[in-house]
Amino acid sequence: MTQMGVTRNVRSEVARRSRGLCAYCRAQETVVGMRFTVDHVIPRLLGGTDDLSNLRWACWDCNLIKLGRIAALDPLTGEQVPLFHPNHQAWEDHFCWVESGRFAVGRTAVGRATVVLLRLNRAVLVQARERWIEAGWHPPET
Ligand SMILES: [Zn+2]
């Protein structure tokens, strides 16, 4: 969560590569109207680096909810599995949208565990998505 080691240039590059999308909930900062932040996919406390390969753009809520975690329980099997790694895995392989984009659903154990842990269908987000869908702004293109 802390960004002391991430330079301004690296931060800009992470934002550019992510096209302003949260790597997890897929909110778009131009829709939310707020700059997002740099997420250490593997937290520094667990050995994650400030290298671009470990950094991803994320909304503040996803970043704060995730904190130092890298694994969670798959609600289907109860087994602990790694969280979604947005730099090694494709969002579409692990999640899909249902109800025109109102809800993100996990397609895999990793996806299901990430949906639950990061609360990817938090009430405020679902309410916002309903408006974004009406406006044609959501789901974002992949
Ligand atoms: Zn998010």
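Nothing in this text is a laboratory measurement; each read-out follows from the coordinates by a stated rule. All values derive from a computational prediction rather than experimental measurement. FYI the Cβ positions are ideal-geometry reconstructions off the backbone, even for glycines, and counts take in every protein chain you see.
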What are the ³J(HN,Hα) values, in whole Hz, obtained from phi via the Karplus relation 6.51 cos²θ - 1.76 cosθ + 1.60 with θ = phi - 60°, for each residue of the range 23-29 in sequence order, with x given for Gly and Pro? 5, 9, 8, 6, 5, 10, 5
Dipole of the chain, positive direction: furthest Cα of L76, L64, A104, with charges on the beta-carbon: L64
Under the Kirkwood approximation for Rh and a Cα-based Rg, what ratio Rg/Rh is obtained for the chain? 0.95
With n ≥ 4 as the cut-off for DSSP H runs, can you work out [θ] at 222 nm for the chain, using -39500 (n - 2.57) per run divided by the number of residues, rounded to the nearest 500? -9000 deg cm²/dmol
Could you work out how far the C-alpha centroid of the range 81-142 sits from that of the range 17-72, in angstrom? 14
Suppose a student asked you for the relative contact order of the range 8-135, using Cα pairs under 8 Å spaced at least 6 residues apart; what percent would you report? 19
